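Shown next, in C-alpha cells, is the structure this report addresses.
Every read-out reported here was derived from the displayed coordinates using simple, explicitly stated rules and does not represent laboratory data. Just so we're clear, the structure is a prediction, and the values are computed from it rather than from any experiment. Cβ sites come from the backbone with ideal geometry, for glycine too, and all protein chains shown count toward neighbours.
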Amino acid sequence: MPLLTTRAGASSRAFGFTALSEVPEILGGMVLMTPTSVAATGTGSSASIGTNGSVTFSSCATLSLNGVFNTDYDNYVAVTQFAATTGDWSAGMRIRSAGTDSTTGYSTQRILADNTTVGAARPSTSYWSEIVITDDQRSGSTFYFWGPFLSQTTAIRATNAFGYKNSYFLDIAGHHTVSSSYDGFTLYPLAEAFSGSIAVYGLVGT
Amino acid sequence: MPNKNGFILLKPTSVNVTGSSPTATINANGSVSFTNASNISLNGVFSSDYHNYRVLFSGKWSVNNGSGTWYMRLRSGGVTDATASSYNTQYLYVYSSGISSSRGASSQAGSITFESYNRFTNILDFYAPFIAAPTAYRIYAQESSPVLQDTVGTHNIASSYDGFNVFGGSPSVDMISGRIAVYGFRK
C-alpha cells in the first residue's frame, strides 16, 4: 500500500493548478479498508458497503466481511456499534478465507466482571467465544487483529462496551492456530440477530 | 474506491471551562489545551459524519498535589445530561494480585484518573453518541502504580449528543492542565 494517494481537485488553488489537477494526500496511521464483498444471513437481513468502505447491516444472524485483510497491512482494528433485534445475546467470531469460515483452531481467554464477581475462562470452541455480548439497545466493540493475512497464528484482542440493563466488563484475547492466510471474518451470534455498522482499519507501518 | 484516512482528529465548535483561573484553547488542529481546569466541556464534536469516537484525555494536577478521580457526562446543545441513574457502569480494578469490581447506576460515568506526579492519558471510547439511541462507552484509566482500571457502560437515554463534559470529583481542589483530542473513526 503506497503512503501517497491522490485526491481529485483538493487544494488546487493552493498549488496554483487548475481545478481538475490532483494533489498528493498523505495517508494517516489508520486506513479505512473496503471489503471486496459482504454476506449476511437471517430473516430479512441486509448488509451494504458504504462509500468509504464501512459496512451497515440490519437483522443479521451472521455477518461476513470478505477481502478486508490483505498484503498491504499486517495488523487491523475493527470498530462496531450495534444493537440486538430483541433480548440479550453473545456472539463468537470466525476468520475466513475466500468466503469460507475456518471452524477449527480457536482458543479464547476471557475475563468477565459481573457486579462484584470477576471470573475468567479459556474455552475451546469452533470460534472465538463470546467476543461480544450485547443487549437490545446499544453496544460497541473494538477488535484488534494481529497478522490475519500472514500464514501464521492470528491473534485477536476484543474490548467491549455495553450495559443498558446490566453492565458487564468483558474482554477477550484469542488465538487461531491454523497457519493459513485469512482475508476476512464472520461475526457469529449464538442467538438473535443484530443491526448496526462496522468499519475495519489497516494500521499503516505495522 | 481509494482507501481513506480512518482516524480523523476533530475540532469542537466550542469549549467551556471552569476552575482556578482556567484557560482552554481550541488548537489549530482541533485538539483542546487547558490549564487549571476542574470542569471542561467540548461542544459540537460528535456529528453524523462518524459513528464512533476515541478521546485521548491527557493531564496532570496543576493545583494541589495528590491524585483524584474525574467523571464523564454526555452533552447536547451546550447542556450536560446529569440524569440520575442514567449512566449504567461496570468497573474493574486490578492492582498487583488484587482484583475488585462493582456495578452502579449514576448521574455520571468514571473513573478517569489524574495525579500530580506524572502526566497521564486516559482513553474514552464512545460508540454512536450522535445516534438517537443509548450510547455505549469505555474508559481506560492510568495511575502511577501500574493498575488495570477500566470502566464499561451505557448511557440509557435515547438521545443524540454532540459533545461531552469531564469534571473533577472535588472541584474545589482538583485542577488539572493538559490536552484533549477527539478522533472520529471514519465510517
Legend entry - Exposure proxy order (Cβ contacts within 10 Å, fewest to most) of B:Phe46, B:Phe167, B:Phe57: B:Phe167, B:Phe57, B:Phe46
Inset, instruction - Give me the orientation-averaged projected area of the Cα convex hull of the protein assembly as shown, in nm², one decimal. - result: 20.1 nm²
Legend entry - Top of B:Asn16, B:Asn165, B:Asn36 by mean-square fluctuation, Gaussian network on chain B, Cα under 10 Å: B:Asn16
Legend entry - Nearest-20 debye value, chain A charge dipole, Cβ charges on Lys, Arg, Asp, Glu: 120 debye
Legend entry - Among A:Phe82, A:Phe169, A:Phe69, residue whose mean-square fluctuation peaks in a GNM of chain A (springs only between Cα atoms under 10 Å): A:Phe169
Legend entry - Extension gain (nm, one decimal) between A:Arg122 and A:Asn70, 0.36 nm per residue minus Cα-Cα: 15.8 nm
Inset, instruction - With springs connecting C-alpha atoms under 10 Å apart, model chain A as a Gaussian network and identify which of A:Ala91, A:Ala39, A:Ala120 has the largest mean-square fluctuation. - result: A:Ala120
Legend entry - Mean Cβ neighbour count within 10 Å, used as a protection proxy, ranking B:26-33, B:67-74 highest first: B:67-74, B:26-33
Legend entry - Rounded, prolate or oblate (a/c below 1.5 giving rounded, otherwise prolate when a/b exceeds b/c) for segment A:33-203 by Cα gyration tensor: oblate
Inset, instruction - Round to a whole angstrom and tell me the spacing of the C-alpha centers of segment B:1-70 and segment B:113-187. - result: 10 Å
Legend entry - For segment B:7-186, convex hull of alpha carbons as volume per residue, Å³: 104 Å³
Legend entry - Inter-label distance for B:Lys11 and A:Leu190, nm, one decimal - labels placed 7 Å from Cα along Cα-to-Cβ: 4.8 nm
Inset, instruction - For B:Lys4, list the lysines whose Cα falls under 29 Å from its own Cα; do not include residues on the same chain fewer than 8 positions away. - result: B:Lys187
